[in-house]
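Written out below as structure tokens is the structure these notes cover.
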Amino acid sequence: MSQTKTSVKSIGETISVCINNNLDFAAYRLPNQTEQRLIVQKKQGVEEVTNLSNVNRLKGFLVAPFLQSDKNHMFIINPDFYIRGEISGEQFERLSEIKHPVQKSKTQPLPYEVSKSEYLQQIEKIINVIKTKKIQKAVLSRVKLVNSINDKLLPGVFLKLCDLFPSAFVYVFKTGNYFWMGATPEPFAFLNNNVFQTSSVAGTKENNEKFLGIENWGIKEKQEQNFVSDHIDKVLQTNHWDNIVQHGPYVEKAGNLMHLRTDFTSTANAFNGNVGNLINNLHPTPAVCGSPTREALEIIFSTEKHDREYYGGFLGPVGMENPMMLFVNLRCMQITGSHLILYSGGGITIDSNPVDEWYETEIKAGTLLSVIKNIS
């Protein structure tokens, strides 16, 4: 007998059950779609992914940190339940019966929240390094600490982000002590029928009609975007991917912000096609790190006083309806018992104005903050 309409449950209701029952899950809404999807794993404890050489054989929701370490692992949430849009009453009951105990763990100290004056000093430090020509660009990030909200409100935050940011990848995932949510505007790696797609998204302005015309953007933003585009083009070529097509740069709206974006497509051939190697060589791009990569990482590690963890990493469904749809983890927050940790950052170049850069991170953090305040 078919399920009656009254027995159907929503993704929001199912997320609440996943949180209450301490299940490993990921809910997401793809860009420019309305249907939300939910992946839930039956057993407790996710599978660690040590490398991406077999990424074509993975199935579930993949999460990768900014940089892998003993603390920050890449992992996948397995799709024992895969729900699109709605869940039947029978399936909802089966899922509701799965409950896992909360694992006791050592309380982690909150990350260091830099003051405005200290952040401005950090930017000046990076600009001085750029003047020595050791690096061309470095991405400096910071955290903003906000008092946590009731877990019961979190599904509402996810649904509100879906409403407000239709062109973003909106997600929430929880596994063990990892609990994150975001609405990122930046695609990272799509693969379908041996065609690989990626995008360079860098350069930021407040959403203003004036900046719909790319000619009104400054040298700083255009240069920042070029660093990312050049990196992607070089990696595709050195990995011997064929038929590289570049579209852009063009202006893309992302909620209360605008970005410069360039899209790339390329195809695999008989001599390459290992998309895992390609991803390893692409990440981290200058959009989240800087240029050149190694030198930019050195200045980031010597300047930032917090661990980025999964901010600036990548995440998304693999092996589901599409072989791979991964996004850069930006406009995101980590959810802890006492606080929400909001991450934001900006690309620093020789033409950066420190006060403008601080303001940009405030606007980016405001993407989530405004929704949290509205819901709570």
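The values are calculated or read from the model by the stated rules, or taken from the named source; none is laboratory data. Here the structure is a predicted model, which means the values were calculated and not measured. A quick note on method: Cβ atoms are made from the backbone with ideal geometry, for glycine too, and the neighbour counts reach across all protein chains shown.
Might you check whether a residue that is in contact (Cβ under 8 Å) with a residue 24 or more places away in the chain and in a helix (DSSP H, G or I) occurs anywhere in region 305-322?
The first filter runs over region 305-322 and keeps only residues in contact (Cβ under 8 Å) with a residue 24 or more places away in the chain, leaving 305-320, 322.
Imposing the further condition that a residue be in a helix (DSSP H, G or I) reduces the set to none.
Looking for residues that are in contact (Cβ under 8 Å) with a residue 24 or more places away in the chain and in a helix (DSSP H, G or I), one finds none in region 305-322, hence no.
Give me the residue from region 245-284 that is without any contact (Cβ under 8 Å) to a residue 24 or more places away in the chain and assigned to a strand (DSSP E or B) and, out of that set, surrounded by the most Cβ atoms within 10 Å (Cβ to Cβ). Step through it out loud before you land on a result.
Here is the first cut: in region 245-284, the residues without any contact (Cβ under 8 Å) to a residue 24 or more places away in the chain are 245-247, 270.
Filter again for assigned to a strand (DSSP E or B), leaving 245-247.
Working: Val245: 10, Gln246: 15, His247: 11.
Here the answer is Gln246.
Of Lys234, Lys210, Lys174, Lys222, all but one fail to be more than 30 Å from Ile11 (Cβ to Cβ), basic (Lys, Arg) and touching a strand residue (DSSP E or B) at 6+ places or on another chain (Cβ under 7 Å); the exception is Lys222.
Please tell me if Val40 is more than 21 Å from Leu330 (Cα to Cα), of a type in the set (Val, Ile, Thr), buried (at least 20 other Cβ atoms within 10 Å of the Cβ) and touching a Pro at 6+ places or on another chain (Cβ under 8 Å). Judged against the criteria, Val40 is a match. Scanning region 154-177 for residues that are closer than 19 Å to Val17 by Cβ and under 14 Å from the mean Cα position of the chain (by Cα) yields Tyr171, Val172, Phe173.
Among the residues of region 285-329, those identified as surrounded by 24 or more Cβ atoms within 10 Å (Cβ to Cβ) and of a type in the set (S, T, N, Q) are Thr285, Asn329.
Please determine whether any residue of region 347-367 is under 20 Å from Tyr112 (Cβ atoms) and outside any helix (DSSP H, G or I). For region 347-367, residues under 20 Å from Tyr112 (Cβ atoms) and outside any helix (DSSP H, G or I): present. If you filter region 206-240 down to residues that are hydrophobic (A, V, I, L, M, F, W, C) and out of contact with any helix residue (DSSP H, G or I) (no Cβ under 7 Å at 6 or more places or on another chain), you find that the one that is nearest to Gln136 (Cα to Cα) is Phe227. May I ask you to say which residue of Leu236, Leu191 is among the aliphatic types (A, V, I, L, M), over 30 Å from Asp356 (Cα atoms) and in a strand (DSSP E or B)? Of Leu236, Leu191, the one residue that is among the aliphatic types (A, V, I, L, M), over 30 Å from Asp356 (Cα atoms) and in a strand (DSSP E or B) is Leu191. Residues that are without any contact (Cβ under 8 Å) to a residue 12 or more places away in the chain and not assigned by TED's automatic domain parsing to the domain that holds Arg294 do not occur anywhere in region 74-87.
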